[in-house]
Amino acid sequence: MTEELDLPGQDSDGGSEEVVLTPAELIERLEQAWMNEKFAPDLLESKPEIVECVMEQLDHMEENLRRAKKGDLKISIHRMEMERIRYVLSSYLRCRLMKIEKFFPHVLEKEKTRHEEEPSSLSPEEFAFAKEYMANTETYLRNVALKHMPPNLQKVDLLRSVPKPDLDSYVFLRVKERQENILVEPETDEQRKFSLVTREWRPSWRIRNPWLC
């Protein structure tokens, strides 16, 4: 029998609704959020409901394994699957924390200026971590460097000092289903000239297939 999980969501009117997922669909959503977060240049929308459901599912699987018979081959297979899920979950959370540490002033500023109906980029735990990280950074800068500088240089604007996420960087994507009415902006004259120059100076590489030697 396939187990079903209740995942909080939002309907078209902005209200809350429960989305029923199987464990396989839940892991698929986690992997999708993980891949999107890894390849996105900025911090994406927080998915605390997916993280919470995956952790609950891992606890449930661990409890089932304790009740299983010793020596059962399925135990080792389920253990491997649990370790794989834990790796994806840990990598997803580490990726988000790395972005928060790298862009913390801009992340907090975006959170401060967002509208109430907009989804948050930070979970409550991530928001507390970002605020504490910013406070510790300001304290460290003040005690180590700023207090030894002239009075007019004892303030630092972290929003200007810390680089923003590069939203113009290239990303790789895969289209999972047919899409209609996709607008592709044409190249500007400057971009076209740049691409011509790069093609002109691009070296020619030949790759030999080692299996054909």
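General remarks:
- Index of the failed condition, P119 passing every other in (1) modelled with pLDDT of 90 or more; (2) touching a strand residue (DSSP E or B) at 6+ places or on another chain (Cβ under 9 Å); (3) closer than 22 Å to L167 by Cα: (1)
- Subset tally (residues that are under 21 Å from M55 (Cα atoms) and either among the basic types (K, R) or open to solvent by 80 Å² or more (accessible area, probe 1.4 Å) (or both)) for the stretch 99-136: 2
- Condition check for F127: of a type in the set (A, V, I, L, M, F, W, C), touching a Ser or Thr at 6+ places or on another chain (Cβ under 9 Å) and over 30 Å from E18 (Cα atoms): no
- Residue that is most open to solvent (accessible area, probe 1.4 Å) [pool: residues in the stretch 58-98 that are among the basic types (K, R) and outside any helix (DSSP H, G or I)]: K70
- Checked against the criteria, P203 does not count as in a loop (DSSP other than H, G, I, E, B) and either modelled with pLDDT of 80 or more or surrounded by 10 or more Cβ atoms within 10 Å (Cβ to Cβ) (or both).
- Scope the stretch 109-133; condition assigned to a helix (DSSP H, G or I) and aliphatic (A, V, I, L, M); matching residues: A128, A130
- Filter result for D157 (under 28 Å from the mean Cα position of the chain (by Cα), modelled with pLDDT of 85 or more and open to solvent by 70 Å² or more (accessible area, probe 1.4 Å)): yes
- Breaking point among (1) exposed (fewer than 10 other Cβ atoms within 10 Å of the Cβ); (2) modelled with pLDDT of 75 or more; (3) of a type outside the set (D, E), for P186: (2)
- Count of the stretch 18-48 residues, restricted to those that are in a helix (DSSP H, G or I) and open to solvent by less than 50 Å² (accessible area, probe 1.4 Å), is 7.
- The stretch 134-160, subset assigned to a helix (DSSP H, G or I), free of Cβ contacts under 8 Å to residues at least 24 places away in the same chain and of a type in the set (S, T, N, Q), residue farthest from K99 (Cα to Cα): N152
- Taking the conditions (1) assigned to a loop (DSSP other than H, G, I, E, B); (2) open to solvent by less than 100 Å² (accessible area, probe 1.4 Å); (3) of a type in the set (S, T, N, Q) in turn, N181 satisfies each one other than (2).
The values are calculated or read from the model by the stated rules, or taken from the named source; none is laboratory data. All figures in this text were calculated on a predicted structure; none of them were measured in a lab. FYI the Cβ positions are ideal-geometry reconstructions off the backbone, even for glycines, and counts take in every protein chain you see. Just so you know, the surface numbers come from the protein's heavy atoms only, side chains and all, with ligands and any DNA or RNA stripped out. Shrake-Rupley method; radii C 1.70, N 1.55, O 1.52, S 1.80 Å.
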